[in-house]
Structures are given as structure tokens and as C-alpha cells.
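Novice: I have a structure I would like to understand better, so I am pasting it below and will then ask my questions one at a time.
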Amino acid sequence: MRRTLFHLTAVLNSSKQKDVKELKSTIKFLTKGSKPSRTLSKMIQEGISVDDQDRLVSKDKPSQQEQKYINTILKVLNSTLPRKENNVQRVETHYQLFFNQLQDVLEQFGEGEKPSNGSVRNEIFPTTLSEVNYKEMNGEDLYNRLMLLQLLGKLTLMDTTRIILAKNFDHFEKTIRNLSIFPINHQLNLSILLYYKLMTCKLPIDTNLRATLWGKYNSQWIDHFDDFHHSIQRILWRCLYMTDPDEINNIIQTKLKHWDMNSTVTLYQSLFSHVYKMNLPKISDNEIPTSNADSDNNIHNSQTLFIKAIDLLSPFQSTYKNHMIKIVKLSIQLNLDGIQHNNIHKFGNEYKFTTSLNLILQDINKNNAADVQLKKELENIFTIIDTQENELKTLLSLKFV
């Protein structure tokens, strides 16, 4: 795909190529069509199919001139077809995306005329492929962008997430049908995101699509759980809870390869308003390690505070949901900061988390209508927070001496 487009670009930019005129004429023909009944979309939709031997054939016999143009462009296309996974779906995707972008190539290197039917499509060669406003794209363009990034070898988890969870993405059946062209890691991420979108979409959706994804990928999601990014793990927990909440404890205890504090934090971040109904193991006070200069212990302290705060507030989620969302965001930010920064910054980030958590809980405690038992439990957390804040301030001072 990429080699094809770059080849076309090189040819059209070079005045020394003897076939510039012919290729340029071919692109113009394929873009505009020789007559209304033979437009590009008509030719692609009605004139090309796949025979029993998986060979591309023409169903509508073209004229001699049209055949010459078709042979020229197919020659370029065939020179760049994927070699390792030369199956029908991949070939069809390759051709479909190429023709969808031919108009852009003509506009950039031809006479500068914009297509007459609708707005100009997204540029095929943006300076940075991630510089795309997915919120403004329609379902067809979102799907094409997903496939284009995959064929170019530039698909990232961020792009995958933003495309599938975009408000206008609605090409579920087509994407599920083409999942096999993606590497297994992208395929699993996509299947989880698609399942979540199908579970939460307000539009009428074929329930068979959800059943198809669940039946094919459910066991693989569990087997590869440890390989997923935390953001995908959080979405997966929501999918599992919406499908069968009673099965989550069994998954944790018998199906996952291992379970630790980080795993617990990820689950709490995802299902913060439901954990009180799930009978999950509680974090006791003796699980909080004594503080020392080791940053890992302080991270453990912060994670433990997060879990204890969510356990305490979850039964009152209808009243304090906004407070809980703020606490979850603090926890996620702490995780991100911990990946990016060294120990000195980590101490600062943990201190920021602890003080911010304190402010949120103090706001709840000031509510005169708050439950008496809740206020009592909050006082216990404030004692822990006060101790941790003082220890972190000491550590920060020592680091800068």
C-alpha cells in the first residue's frame, strides 16, 4: 500500500519518466470516470470481483481504452500486494483503501481540482499520522483510517482506542470481519474495544456481533490479560462485569496467571462504584509496609490508600460518585507519573497524590449529612494520610540535601 502510493508520487513528480502522461491520465480516468456510468465507485463496486481461485476478475467487460487504463493501475497495485498474508480479505482491503485515496493523489499532483462530490477526504500523507481529529470524522473515514494505519505499519494503541471509541465509529461488522488481517496483539485490543463499544452503544446493534466476539476471544482475553496495557485491562474488567459480574472472582482466583497489588488497583480503577458488591479481598492495615527510603514502599502506601478510600466510598457511590471519579483520576495519574519519572519525582508525585486525596476526603467529611460510620472510618484514613505526608516530606528534604 505504502510502496504503491510512494511509487505513484515519485512517477508524477519526475519529468524524466516516459510514462508520466499515461499514468497521470490513468489516475484521472479512474477518479473521474470516462462517463457517468463508468465512475470509479461504479467500476470498483460492479466491475471487479474475486473468482473461485481468489483471482481478481472483471464482471463488466470494459472498452479497449478502459481496459488499457485498468491494466496500468492494476500493474502498479499488484506490485505492492502483501506477500506473506495474501488472503482475500487483505487483498480486498488493500484495493479498497488505495482507490479511496486516489482522488487525494490526483488533487495533490494533478490540476489541483477538488472532487465535486462532497468534502475532501483526509490527506493520505499527513505530516504526522497521529495529527487527526477523530471526533470530526465519520464512520467510514474512521474505519479507513484504522485500516490505513495497519497497512502502513503505524497503528498504535492510542490510535486504535481513539478510533473505536470515537462517537461516530459504527463499522462494527466490517471491522470484526477483517480482524484476521491484524497481528494478534492489535487483534485482541481491537476485539476488547469493539465488545465494549457494542455493550455501551445506544444505537440498535446486532447482538450476534457481541456473541461472536465473546465466543471467539473471551478465553484469549483471560490468557493474555497480563500482556494488556492497563487502559485495556480497565476496559476488559468493565466488559466482564457487564457480561457476568459473578464470574469475576472466579477469574481472579482460578484463571489469571498471577494477582498482585497493581492488578487490584487496576480493577478498582475500572469498577470503583461496584467493588462493594463483589466480595473482593480487603486490604488490611498490616499490609501497609513501614516507610523507608525505598520508593516502592511509598508507592504501595499510595495504592493502599487508594483501595481503602474506594472500599469506604463505594457503598455510597450514588452520593459521592464525583468524588470517587476524582480519586480514580489521581490514581491513574500516579501510575503514569511513576512510569515517566525518577525516584525524586516519584516522591513528589506520591506527596501530591496523598495531599490531593486528603482534600477530597476532607470535603466529604465536612458534609454534615455524611454517614456517622463513614466519618469514623474517614478519621482513621486521615491518621494514615497525615503520617504518610510527614514521611514523604522528610524523604523529599533528604533527597535535596
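The numbers here are math on the coordinates, done by the rules we state, and not lab data. On a predicted model such as this, the values are computed, not experimentally measured, just so you know. No Cβ is skipped: glycine too gets one built from the backbone with ideal geometry, and neighbour counts run over all protein chains shown.
Novice: What span do the alpha-carbon atoms of region 178-239 cover on each of the three principal axes, reported in whole Å from largest to smallest?
Specialist: Principal-axis extents of region 178-239 (Cα, largest first): 33, 25, 16 Å.
Novice: State, to one decimal in nm, how far the label point of Met278 lies from the label point of Asp227, with both points 7 Å from Cα in the Cβ direction.
Specialist: It works out to 2.3 nm between the two label points.
Novice: Simple spin-label model, 7 Å along Cα-to-Cβ: Asn218 to Thr254 in nm?
Specialist: Computed distance between label sites Asn218 and Thr254 equals 1.4 nm.
Novice: Within region 214-239, which residues have the backbone N less than 20 Å from the label spot 7 Å out from Thr207 along Cα→beta-carbon, could you tell me?
Specialist: 214-218, 239
Novice: Sticking with this structure for a sec: Take Met199, project a point 7 Å from its Cα along the Cβ direction, then tell me which residues of region 215-239 have their backbone nitrogen under 17 Å from it.
Specialist: 215-226, 228-239
Novice: To two decimal places, what compactness ratio does region 360-401 give when its Cα radius of gyration is scaled by 2.2 N^0.38 Å? List each step's numbers first, then the result.
Specialist: Numbers: Rg = 14.3 Å, N = 42, 2.2 N^0.38 = 9.1 Å.
Against the empirical 2.2 N^0.38 Å value, I get 1.57 for region 360-401.
Novice: Considering the zone a paramagnetic label at Asp244 would reach in this model (a point 7 Å from Cα along the Cα-to-Cβ line), which residues of region 195-222 have amide N under 15 Å from it?
Specialist: Flagged as within label range: 211-222.
Novice: Could you give the length gained on full extension between Glu173 and Asp337, defined as 0.36 nm per residue of separation minus the Cα-Cα distance, in nm? Mind showing how you got there, number by number?
Specialist: Numbers: separation 164, 0.36 × 164 = 59.04 nm, distance 3.77 nm.
Additional length available on full extension: 55.3 nm.
Novice: Let me ask something else about it. From the C-alpha gyration tensor of region 149-266, pull out the three semi-axes of the equivalent ellipsoid (sqrt of 5λ each), sorted largest to smallest, in whole Å.
Specialist: Numbers: eigenvalues 109, 60, 34 Å².
Equivalent ellipsoid semi-axes, largest first: 23, 17, 13 Å.
Novice: If I model a spin label as a point 7 Å beyond the Cα along the Cα-Cβ vector, how far apart are those points for Lys352 and Lys375 in nm?
Specialist: Label-label distance for Lys352 and Lys375, simple model: 3.3 nm.
Novice: From the cross-link list Lys277/Lys366; Lys135/Lys321; Lys197/Lys326; Lys174/Lys216; Lys216/Lys255; Lys308/Lys366, which pairs have alpha carbons spaced over 21 Å apart?
Specialist: Values: Lys277/Lys366 26 Å; Lys135/Lys321 27 Å; Lys197/Lys326 24 Å; Lys174/Lys216 16 Å; Lys216/Lys255 17 Å; Lys308/Lys366 19 Å.
Among Lys277/Lys366; Lys135/Lys321; Lys197/Lys326; Lys174/Lys216; Lys216/Lys255; Lys308/Lys366, the Cα-Cα distance tops 21 Å for Lys277/Lys366; Lys135/Lys321; Lys197/Lys326.
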